[in-house]
Amino acid sequence: MFQTLYSYFWWERLWLPANLTWADLEDQDGRVYAKASDLYITLPLAFLFLVIRHLFETYVATPLAGLLNVKEKIRLKATPNAVLEKFYAATTKHPKQADVEMLSKKSGCTVRQVERWFRRRRNQDRPSLLKKFREASWRFTFYLIAFIAGMAVIVDKPWFYDLREVWKGYPIQSMLPSQYWYYMIELSFYWSLLFSIASDVKRKDFKEQIIHHVATIILISFSWFANYIRAGTLIMALHDSSDYLLESAKMFNYAGWRNTCNNIFIVFAAVFIVTRLVILPFWIMHCTVVYPLDLYPAFFGYYFFNFMMVVLQSLHIFWAYLIIRMAQKFITGKARGGLGMARGSQSHRVVEDERSDREETDNSEEEEEAVKNGPLSNGHPVLNNNHRKTD
């Protein structure tokens with residue numbers, strides 16, 4: 001049964017144009033072609049990336065955070081309460097009003113105390129500012145290096161300037177060592193992102209991120225199997241061109257460098273829209289959809305590859321919508337702090353990258369601390385004569 005499934009999976013008509021077989025892609029006369037077995041190395045490399053990431057975050061990102069004065073926000077811990085903790089873990093972190101009243105009776109706390117307990121408990125589970133900074137630093141470093149390496153791989157190739165060259169002689173196109181390592185490193189990195197996504201900072205687009213990672217892994221792997229390597233290198237370099245800008249903007253946001261963060265975000269938004277909404281669909285996808293048909297009839301691999309491209313493009317449109325929303329806040333003046341803090345008429349409110357996780361605020365906790373110790377400034381009480389009432 002396994003052998004039957006294996007033979008169906010590797011049936012030439014699924015992967016290659018008509019009249020071509022895997023024998024045509026065997027190494028000969030000094031020409032080397034991509035092989036499915038090459039990708040086995042990406043799994044151990046992915047775990048190696050996780051080790052390198054841990055070392056980077058510990059010995060590079062953490063000291064860098066200290067140099068940039070990345071400060072943790074002081075969070076008040078919820079008082080241990082078995083009844084509330086059980087409901088929090090088993091039912092929901094955001095109880096409705098009826099649940100709050102029920103829990104108030106069961107726990108012996110007032111409604112106000114139950115509400116405050118859940119706010120503090122949720123805040124305890126939120127990732128720390130240092131964790132966010134370390135993750136952004138790691139992704140920034142990889143994406144920047146990957147973009148530079150990707151450009152070095154493709155900038156001197158004829159298909160970088162003439163997209164018709166992507167399909168010249170396809171699929172009898174020899175693989176270059178630089179292409180091999182570019183593919184292996186990119187695919188290994190995305191495997192590592194997928195492996196660590198459960199422990200990383202969970203953002204509002206968590207599901208979309210999983211879809212993106214899976215679609216990217218499938219697309220990179222399939223393009224390797226079917227020898228779509230020239231198109232694949234162009235697509236990977238195009239994606240890396242804007243990602244490092246977003247991560248650097250996040251780093252400066254966490255460090256409190258608001259103007260720098262906002263300026264980088266504007267550059268990122270422009271690069272993202274140009275590369276993902278203009279170059280990718282109207283140049284690259286046009287190249288993968290139209291040009292191959294001049295050489296051979298459409299086959300399953302052709303449809304599958306372009307379907308995965310459409311999935312990625314749909315995610316780009318979704319993220320572009322969020323980015324444009326953020327840009328509108330800049331233009332209309334509703335986000336003076338951009339990715340950082342903007343002062344409202346009565347309180348501070350967080351205006352973040354639309355993809356980021358949203359933090360809660362708890363004014364009642366601030367009021368409580370103000371009564372006990374005076375208003376807090378960077379975690380230390382500041383004496384004044386303004387008094388506030390407690391609840």
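Residues Lys96, Lys132: which one is basic (Lys, Arg) and open to solvent by 50 Å² or more (accessible area, probe 1.4 Å)?
Within the list Lys96, Lys132, the selection yields Lys96.
In the set Asn227, Asn262, which member is touching a Pro at 6+ places or on another chain (Cβ under 7 Å) and modelled with pLDDT under 90?
After ruling out the rest, the residue left standing is Asn227.
Examine region 182-192 for a residue that is farther than 24 Å from Pro281 by Cβ, assigned to a loop (DSSP other than H, G, I, E, B) and in contact (Cβ under 8 Å) with a residue 40 or more places away in the chain, and state whether such a residue exists.
No - not one qualifying residue is present in region 182-192.
For region 253-284, name all the residues that are of a type in the set (A, V, I, L, M, F, W, C) and without any contact (Cβ under 8 Å) to a residue 24 or more places away in the chain.
Those that are of a type in the set (A, V, I, L, M, F, W, C) and without any contact (Cβ under 8 Å) to a residue 24 or more places away in the chain: Ile264, Val267, Ala270, Val274, Val278, Phe282.
Output the helices (runs of 4 or more DSSP H) that fall wholly within region 212-309 and possess 1 or more residues being touching a Cys at 6+ places or on another chain (Cβ under 7 Å), or say none.
Result: 229-255.
If you scan region 62-114, which residues turn out to be polar (S, T, N, Q), over 30 Å from Phe252 (Cβ atoms) and within 33 Å of the chain's Cα centre (by Cα)?
Selection gives Thr91, Thr92.
Could you please find all residues in region 134-156 being within 12 Å of the chain's Cα centre (by Cα) and among the acidic types (Asp, Glu)?
Result: Glu135, single match.
Inspect region 328-336 for any residue being open to solvent by less than 40 Å² (accessible area, probe 1.4 Å), at pLDDT below 90, of a type in the set (A, V, I, L, M) and touching a Gly at 6+ places or on another chain (Cβ under 8 Å) and give the result as yes or no.
No, there is no match, as no residue in region 328-336 is open to solvent by less than 40 Å² (accessible area, probe 1.4 Å), at pLDDT below 90, of a type in the set (A, V, I, L, M) and touching a Gly at 6+ places or on another chain (Cβ under 8 Å).
Kindly provide the set of residues from region 309-327 that are at pLDDT 90 or above and over 18 Å from the mean Cα position of the chain (by Cα), ordered by number.
Val310
Would a scan of region 165-172 turn up a residue that is part of a helix (DSSP H, G or I) and surrounded by fewer than 20 Cβ atoms within 10 Å (Cβ to Cβ)?
yes
Go through Arg13, Arg53 for me and flag whichever is among the basic types (Lys, Arg), open to solvent by less than 70 Å² (accessible area, probe 1.4 Å) and in contact with a Phe, Trp or Tyr (Cβ under 8 Å, 6 or more places away or on another chain).
Arg53
The values are calculated or read from the model by the stated rules, or taken from the named source; none is laboratory data. Only a predicted model underlies this, so the values are computations on that prediction, with no experimental measurement involved. With ideal geometry, Cβ positions are generated from the backbone for all residues, glycine too; neighbour counts draw on all protein chains shown. Accessible surface is based on the protein model in full, side chains and every heavy atom, while ligands, DNA and RNA are left aside. Shrake-Rupley method; radii C 1.70, N 1.55, O 1.52, S 1.80 Å.
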